[in-house]
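The values are calculated or read from the model by the stated rules, or taken from the named source; none is laboratory data. All figures in this text were calculated on a predicted structure; none of them were measured in a lab. With ideal geometry, Cβ positions are generated from the backbone for all residues, glycine too; neighbour counts draw on all protein chains shown. Protein only, heavy atoms only, side chains kept; ligands, DNA and RNA dropped before computing areas. Shrake-Rupley method; radii C 1.70, N 1.55, O 1.52, S 1.80 Å.
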Amino acid sequence: MQGLCAAVKRKRSSLSLSRQNRIPHEVLSDGTTQSNRNEITSATENLPEPVTESCGGSGWSEEILTAVSAKPRNGSRSALEKATLFYFVFVMYAYTTGGPFGLEDEVTTSGPGLTLIFHLFIPLFWCIPVSLVAAELTTAIPVEGGFYRWTRAGFGDFWGFLAGWWNWSASFLLGSAYAVLFTDYLSFFFPAITGWKHYLVAVAVVAMIAWVNVRGIKMVGVVSIVLEIFISLPIVALCAIAATKWRHNPFSPLIPPHTPSFQVFGVGLALGLWLYSGYEQLSSVAEEVDNPQRTYPRALALVVPLSIATYFLPTLFCLAALGNWSEWHTGYFSVAAQAIGGRWLGFSMTLAAMVTNLALLNATVLTSTRMPSSMAEDGYLPRVFTEKHPRYGTPWIAVIVSSVIYALLAFHTLTQLLTVYIWLRIGVTVLTVLAAWRLRQTVPELARPFRIPWGKAGLRYVVIAPLVMSVVALVGSDPFARHWGPLAVGLGPLAYLASRKGMAKLK
């Protein structure tokens, strides 16, 4: 313990010296070994001095110092093109929403009335509090790896590792699912795409998106802009035409008749949480965003209401125009568009659904592949994951390895496995909001250009609301998810033990 205290004190002295001289310096990593670090950035310049010289209490924790000083150490950051607010808004929207596609089954499972209520109230208890947490912590600790390093700073190595591992492994399900769903929609126009042809198309889609992501976040932003504009046109047309054909009460019935209320509530809530998840994920690319302390909160303020409107309005107008809620199924927005606006609108809506899956895969690769890179910098994964592309400055090895895993899984139909993804997604989100609470307790003096509003009441709100929603969603999830979800979550601690053993052998 004394050795750890001494290590922390040496870190504090090094940090103080860097503030005076603004030159690269030596800091200790995990209290055991020394490694060269880049010059501490502006985020570190705002950090206050520790109140005490003790290891605990109100002094700086070792993990905070590691988090705020951890930077890529291979000198490639100068090659990285950073995304401005304009590009970043489209990237965030593409990752968190993309379009209304995917919620159709919620209408028949939970009922039209409850589905619409979900999309009005879930944001208040899920994505809005998570967004406030992400905004505060991104402005306080704007580092690559985002929520993974916040959790590690607040709770230590074990929980930080779980946040990163759960997020990365969850992306395998999402990435491959988006490639498969894109190919499913493509086979609507080309029925011959089946079997091995279906798999090859999915692999080709993954390879194309991997190339875009190797080019960097600005290229991802350009692609997201083009895709989202294309997606929005038929959706806006659908809403406008359906509004003129309002014939039915879209909230009736509230829930499906003769169905247990809690089952309807729990399953629908789990799907709703999936639709409104991911707002903290873009923190993993904070160092690739221009002025993240200002850009990230502003992007959230634009994207969250836009996402709510994207889900709520097309569902509302289609139900009001057609009234056939019991016929909704995966891909039904294309059927509704054809019934409301004719074949041209149905065709356009199917294309939009295909493009949505491209946009979601594009943004998923961006956010998830920065996680193995950050974990490798901290010694939990092989150092090869830290390699940056010499021209684009992106973690190209992490992008390629992740994309290979997506491709290997792309021969499965992974729709049902998305319910398993929810268990992993909830684990990451819960750790993120708890990290905000923990860091408020351990380092209250940390400069936070954006703070969660409403004082202590606001802090309790952003922590308690997601926790309650998580419990209800997991308890009410379907039997398949309850069986396999805990197994997917339980692999995290095993991976941590294997990582520690690997690190011990290297030492």
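Annotations for the structure displayed:
- Candidate set: region 367-383, residues that are under 19 Å from the mean Cα position of the chain (by Cα) and either among the β-branched types (V, I, T) or open to solvent by 10 Å² or more (accessible area, probe 1.4 Å) (or both); chosen: the one modelled with the highest pLDDT: T369
- The residues listed here are S232, S252, S224; of these, the one that is on the phi < 0 side of the Ramachandran plot and within 19 Å of the chain's Cα centre (by Cα) is S224.
- Candidate set: region 432-442, residues that are buried (at least 24 other Cβ atoms within 10 Å of the Cβ) and farther than 19 Å from G492 by Cβ; chosen: the one farthest from the chain's Cα centre (by Cα): L439
- Qualifying residue in region 327-335 (condition: polar (S, T, N, Q), open to solvent by 10 Å² or more (accessible area, probe 1.4 Å), at pLDDT below 85 and more than 16 Å from the chain's Cα centre (by Cα)): yes
- Exactly one residue out of T364, T429 is open to solvent by less than 10 Å² (accessible area, probe 1.4 Å), at pLDDT 85 or above and polar (S, T, N, Q): that is T429.
- When residues of region 103-122 are limited to those that are open to solvent by 10 Å² or more (accessible area, probe 1.4 Å) and hydroxyl-bearing (S, T, Y), the one modelled with the highest pLDDT: T108
- Failed criterion for R440 (all others in (1) in contact (Cβ under 8 Å) with a residue 40 or more places away in the chain; (2) touching a helix residue (DSSP H, G or I) at 6+ places or on another chain (Cβ under 7 Å) hold): (1)
- Contact map, region 185-199: residues that are without any contact (Cβ under 8 Å) to a residue 24 or more places away in the chain paired with residues that are in a loop (DSSP other than H, G, I, E, B) and open to solvent by less than 90 Å² (accessible area, probe 1.4 Å), Cβ distance under 8 Å, separation 6+ or inter-chain. Pairs shown: S187/I193; S187/T194.
- Being β-branched (V, I, T) and at pLDDT 90 or above holds for only one residue in V143, V89, V130, and it is V130.
- Residues (farther than 21 Å from L439 by Cβ, open to solvent by less than 20 Å² (accessible area, probe 1.4 Å) and in contact with a Leu (Cβ under 8 Å, 6 or more places away or on another chain)) located in region 147-177: A170, L174, G175, S176, A177
- Residue count, region 387-403 (criterion: over 18 Å from T364 (Cβ atoms), open to solvent by 30 Å² or more (accessible area, probe 1.4 Å) and touching an Asp or Glu at 6+ places or on another chain (Cβ under 9 Å)): 1
- A435 being at pLDDT 90 or above and farther than 23 Å from G160 by Cα: no
- Selection of region 159-213 for residues being among the β-branched types (V, I, T) and over 19 Å from the mean Cα position of the chain (by Cα) yields V180, T183, I193, T194, V201, V203, V205.
- Within this structure, R482 passes the test of being open to solvent by 20 Å² or more (accessible area, probe 1.4 Å), assigned to a helix (DSSP H, G or I) and at pLDDT below 95.
- Of all residues in region 237-279 being touching a Ser or Thr at 6+ places or on another chain (Cβ under 6 Å) and open to solvent by less than 20 Å² (accessible area, probe 1.4 Å), the one that is nearest to A134 (Cα to Cα): Y279
- Residue check for P297: surrounded by fewer than 22 Cβ atoms within 10 Å (Cβ to Cβ), in a helix (DSSP H, G or I) and either among the acidic types (D, E) or without any contact (Cβ under 8 Å) to a residue 40 or more places away in the chain (or both): no
- Within region 393-416, residues that are part of a helix (DSSP H, G or I) reach partners that are modelled with pLDDT of 85 or more and aromatic (F, W, Y) with beta carbons closer than 7 Å, at six or more positions or on different chains, in the pairs I397/F385; A398/F385.
- Failed criterion for Y380 (all others in (1) closer than 24 Å to G164 by Cβ; (2) in a helix (DSSP H, G or I) hold): (2)
Residues checked against (1) buried (at least 22 other Cβ atoms within 10 Å of the Cβ); (2) at positive phi; (3) at pLDDT below 95:
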{"residue": "R448", "(1), (2), (3)": "no, no, yes"}
{"residue": "G458", "(1), (2), (3)": "no, no, no"}
{"residue": "V468", "(1), (2), (3)": "no, no, yes"}
{"residue": "A473", "(1), (2), (3)": "yes, no, yes"}
{"residue": "G476", "(1), (2), (3)": "no, no, yes"}
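- I193 farther than 26 Å from L313 by Cα, modelled with pLDDT of 80 or more and not in a helix (DSSP H, G or I): yes
- S307 being buried (at least 20 other Cβ atoms within 10 Å of the Cβ), among the polar types (S, T, N, Q), modelled with pLDDT under 90 and at negative phi: no
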